[in-house]
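Engineer: Quick one: the structure is below, and I'll ask about it shortly.
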There are 2 protein chains.
Amino acid sequence: MKRDLDALMEARGLDAVVVSGRTHGNPSLVYLLNGAPVSQGIVVKKRGETPVFIHSPIEWDEAKASGLPLVNMARYRFTDILRETGDRLAATVELYRRIFADLGVRGEVGFYGMADQGQSYLFLTALSQAMPEIRVRGEYDENLLEVARATKDADEVARIREVACLTCEVVEETLTFLRRHRVRDETLITGDGSPLTVGQVHRQIYRLLAERGLEASEGLIFAIGADAGVPHNHGRPDDPIRLGQTVVYDIYPRGPSGYFFDLTRTFCLGYAPPEVEKVYRDVAECLEAVIAEVQVGVEARRLQQVACAFFAERGYPTIAGDPETAVGFTHGIGHGLGLAIHEEPVFTDVPSNTRTLQPGHVFTVEPGLYDPGRGYGVRLEDVLWIDESGQVHNLTTLPKTLVVEV
Amino acid sequence: MKRDLDALMEARGLDAVVVSGRTHGNPSLVYLLNGAPVSQGIVVKKRGETPVFIHSPIEWDEAKASGLPLVNMARYRFTDILRETGDRLAATVELYRRIFADLGVRGEVGFYGMADQGQSYLFLTALSQAMPEIRVRGEYDENLLEVARATKDADEVARIREVACLTCEVVEETLTFLRRHRVRDETLITGDGSPLTVGQVHRQIYRLLAERGLEASEGLIFAIGADAGVPHNHGRPDDPIRLGQTVVYDIYPRGPSGYFFDLTRTFCLGYAPPEVEKVYRDVAECLEAVIAEVQVGVEARRLQQVACAFFAERGYPTIAGDPETAVGFTHGIGHGLGLAIHEEPVFTDVPSNTRTLQPGHVFTVEPGLYDPGRGYGVRLEDVLWIDESGQVHNLTTLPKTLVVEV
């Protein structure tokens, strides 16, 4: 949580942290800016002090929403510095030298936020050489902002719940939309007698999201049949919606608050083949088995182990047995969820993953079984939250039903 | 253009480039992947050779859309490497060592793509130490992918035109929506007699975008009155829509192809105050004056100079005179547009900006005048394209009209 930042900095021996870049696709920056609707910025936080936000001159008004002490970047007259140095890299180093002098930043300084890789390498190498009074630090894995973000406070959980509620509505309304169609030759047909296509359903889902202020900023999955058998296949626009085929519907929209939700349901319209019925039951039971393991202190990787063991025992291939398998359980059991769709905690089953489940964690559990050759895929995904007392809550209220009558 | 990549690599003395990361918010990766609908990847291109795409195991199907030779990341058994090294940084270095060995990558290697800054610094420093047979290279400014992306080929321009056409439709439909409302006390009112608000208009715009497959992935601006006087103010949801006030409507959606468009119009409903009429005329004439300067070989910074000189001569403050001004012309004259909203060319007026306008460039021209204290802002924005023969095309077909009758 945000209140842990000073302790996390102390544990890492950091005197200050800098988080910068554009806000788009940069959740740690959005986090420190408390979701202020700005396009970019530099946030500097010294240990034990409130972060300072150095904002774009044309965003002085929006910057206020951060609630942070503000410094207008115009004060540094960057174009003048650029004129003096004649080089953008040298100018940026000089800009930071001035900012650090003004804010009294010294010692061990951690750098975070999304930027071009080669550019960051050049900049931090040059800064390190130009400013002997600071030591440039980075973190490769589980960085302090990711760790702080991983445990959500009550306000953040309330925002995630809002998106959860609207996301469930969108899924229900999508089913209502499908049910409104007539059936001919085992295929849904539209008013003009042509088959309803996956592309038309995608369009309808985007409309349902927009009406609720949700954005599918990283896409969505509504895939049928063999396509549903490939975990990240988004669905082919021209595919007709046929009865008796598995539809994997995986939706991960972002709400106006910046927080994401993530939900997957699998269903068949009209009826389900017996093979799919069995697979669906196995996935649903696996989901329950994994959820039953969730409690504070349990190793995160244990959830991946439980899922793999569960499916292996029922005779399915898993990535634990064959990392290249495209049949059976072929992916991770879940991921943290917040200002990014994929964030801490990470559930990878490797010895170096020593993460344990903690109060405040919000994460998905999403077992799935796939067989593209046999034309199906089944995935079910709920979102869990461990509250401050350690109680586990399922934030996904939508029921799970394989067969949707039409 | 993509076909220039080998020449750009040669000019920089690069033997190979690596572009990696998640695709979200990572336009150079999306560019090399030809828009394939994957979530992440590593692309390695040796000079004179086709790029190779090392893709996620669960995206083997979507990866095909890149049209590139594919390598399944599962082949490298990363979790086994992680087990051996016990550390994610060391494991990633080892992964790259194996990839480079397989692909015969040696010499000068440039690294690109969005990632956490401190993480990139650690990774590239460690890789540099672990692999003496390569030299790690980055670029701070105008990197080769940005330069390649800046000049669009015919196919890219066709995609931008598609988004342009749909974006113009959305703006026209928004005006139709506004006109459908009755007026009471100089305020638009809804069917139930309550004032129409900026928030309701935002919602309607998102619906219009969704119906056309467009995403406002970085937001949109529909701001009225004093809010319109602050360039990046998105509009306050509770503000009522009143007659005679400037509305700045700036919309920058992304189409399904991944390409953006960017369009700004300013209007007043019912009537415009004389002061606003004059300011609007000055902005419209500035836009024409800047467009008249556009031709191949002209320095990009010249457009910024022309706009500042134009406004200064008519008595307005500009950032050329006062970098901190919040009144007058307070921002840049434009920016390149493509797979990112802001990309090359850059128009900043500094001596180090030696960019010149080139065939294939697609960029905005967006003069504006603001006075939040007097409650208005006016901005007009068109998108220009310089074709291969050097002819300049205005891709924004929407007319400019200050007063919208209601």
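Engineer: Within the group B:Gly35, B:Gly41, B:Gly25, which residue is closer than 24 Å to A:His24 by Cα and either charged (D, E, K, R) or surrounded by fewer than 19 Cβ atoms within 10 Å (Cβ to Cβ) (or both)?
Structural biologist: Working: B:Gly41 fails: either charged (D, E, K, R) or surrounded by fewer than 19 Cβ atoms within 10 Å (Cβ to Cβ) (or both); B:Gly25 fails: either charged (D, E, K, R) or surrounded by fewer than 19 Cβ atoms within 10 Å (Cβ to Cβ) (or both).
When all the criteria are applied, what remains is B:Gly35.
Engineer: While we're here: Applying the selection to segment B:173-198, what residues are part of a helix (DSSP H, G or I) and not basic (Lys, Arg)?
Structural biologist: Once the filter is applied, which keeps residues that are part of a helix (DSSP H, G or I) and not basic (Lys, Arg), segment B:173-198 yields B:Glu173, B:Thr174, B:Leu175, B:Thr176, B:Phe177, B:Leu178, B:Val198.
Engineer: Please identify the pairs in which a residue from segment B:107-120 that is in contact (Cβ under 8 Å) with a residue 24 or more places away in the chain and in the same structural domain as B:Gly138 (by TED's automatic domain parsing) has its Cβ atom under 7 Å from the Cβ atom of a residue that is buried (at least 24 other Cβ atoms within 10 Å of the Cβ) and of a type in the set (Gly, Ala, Ser), counting only partners at least 6 apart or on another chain.
Structural biologist: As it stands, the answer is B:Gly110/A:Gly118; B:Phe111/A:Gly118; B:Tyr112/A:Gly118; B:Tyr112/B:Ser28; B:Gly113/B:Ser28, since those pairs meet every condition given.
Engineer: Could you grab me the full set of residues in segment B:78-106 that are within 18 Å of A:Asp141 (Cβ to Cβ) and either of a type in the set (A, V, I, L, M, F, W, C) or touching a residue at least 12 places away in the same chain (Cβ under 8 Å) (or both)?
Structural biologist: Of everything in segment B:78-106, those that are within 18 Å of A:Asp141 (Cβ to Cβ) and either of a type in the set (A, V, I, L, M, F, W, C) or touching a residue at least 12 places away in the same chain (Cβ under 8 Å) (or both) turn out to be B:Phe78, B:Ile81, B:Leu82, B:Leu89, B:Ala90, B:Ala91, B:Thr92, B:Val93, B:Glu94, B:Leu95, B:Tyr96.
A quick yes/no check of all residues on (1) of a type outside the set (Ser, Thr, Tyr); (2) within 14 Å of chain B (Cβ to nearest Cβ):
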{"site": "A:Leu166", "(1), (2)": "yes, yes"}
{"site": "A:Glu169", "(1), (2)": "yes, no"}
{"site": "A:Thr174", "(1), (2)": "no, yes"}
{"site": "A:Arg182", "(1), (2)": "yes, no"}
{"site": "A:Ile205", "(1), (2)": "yes, yes"}
{"site": "A:Ser217", "(1), (2)": "no, yes"}
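Engineer: Follow-up question, since we're still on this one. Would you pick out the residues in segment B:16-28 that are within 22 Å of B:Val136 (Cα to Cα), within 12 Å of another protein chain (Cβ to nearest Cβ) and either touching an Asp or Glu at 6+ places or on another chain (Cβ under 6 Å) or outside any helix (DSSP H, G or I) (or both)?
Structural biologist: B:Val17, B:Val18, B:Val19, B:Ser20, B:Gly21, B:Arg22, B:Asn26, listed by residue number.
Engineer: Next question, about the same structure. Given A:Tyr280, A:Tyr271, which one is touching a strand residue (DSSP E or B) at 6+ places or on another chain (Cβ under 8 Å), among the aromatic types (Phe, Trp, Tyr) and in a loop (DSSP other than H, G, I, E, B)?
Structural biologist: A:Tyr271
Engineer: When only residues in segment A:223-240 that are crowded, with 23+ Cβ neighbours inside 10 Å and at pLDDT 95 or above count, which is nearest to the other protein chains (Cβ to nearest Cβ)?
Structural biologist: Top of the filtered list is A:Ala223.
Engineer: Also, quick follow-up: For segment A:216-225, does any single residue satisfy the condition of being in contact with a Cys (Cβ under 6 Å, 6 or more places away or on another chain) and either part of a loop (DSSP other than H, G, I, E, B) or of a type outside the set (D, E, K, R) (or both)? Even if it seems obvious, please write down each step before you answer.
Structural biologist: Residues of segment A:216-225 that are in contact with a Cys (Cβ under 6 Å, 6 or more places away or on another chain), as a first pass: none.
Scanning segment A:216-225, I find no residue that is in contact with a Cys (Cβ under 6 Å, 6 or more places away or on another chain) and either part of a loop (DSSP other than H, G, I, E, B) or of a type outside the set (D, E, K, R) (or both), so the answer is no.
Engineer: Scan segment B:142-160 and report the pairs whose first residue is more than 16 Å from B:His342 (Cβ to Cβ) and whose second residue is modelled with pLDDT under 95 and assigned to a loop (DSSP other than H, G, I, E, B), with Cβ atoms within less than 7 Å and a gap of 6+ or a chain change.
Structural biologist: Close Cβ pairs satisfying both conditions: B:Arg159/B:Gly255; B:Arg159/B:Ser257.
Engineer: If you take just the strands (runs of 3 or more DSSP E) that sit entirely in segment A:29-130, which of them hold at least 3 residues that are facing another protein chain (nearest Cβ under 7 Å)?
Structural biologist: A:107-112, A:114-116
Engineer: Next question. Can you tell me which residue is surrounded by the most Cβ atoms within 10 Å (Cβ to Cβ) among those in segment A:253-311 that are among the aromatic types (Phe, Trp, Tyr) and more than 30 Å from A:Tyr206 (Cβ to Cβ)?
Structural biologist: It comes out as A:Phe311.
Engineer: For segment B:241-261, enumerate the residues that are under 24 Å from B:Arg182 (Cβ atoms), part of a loop (DSSP other than H, G, I, E, B) and not small (Gly, Ala, Ser).
Structural biologist: Within segment B:241-261, B:Ile241, B:Leu243, B:Gln245 meet the criteria.
The values are calculated or read from the model by the stated rules, or taken from the named source; none is laboratory data. Note that this is a predicted model, so its numbers are computed, not measured. Virtual Cβ from ideal backbone geometry, glycine too; neighbours counted across all protein chains shown.
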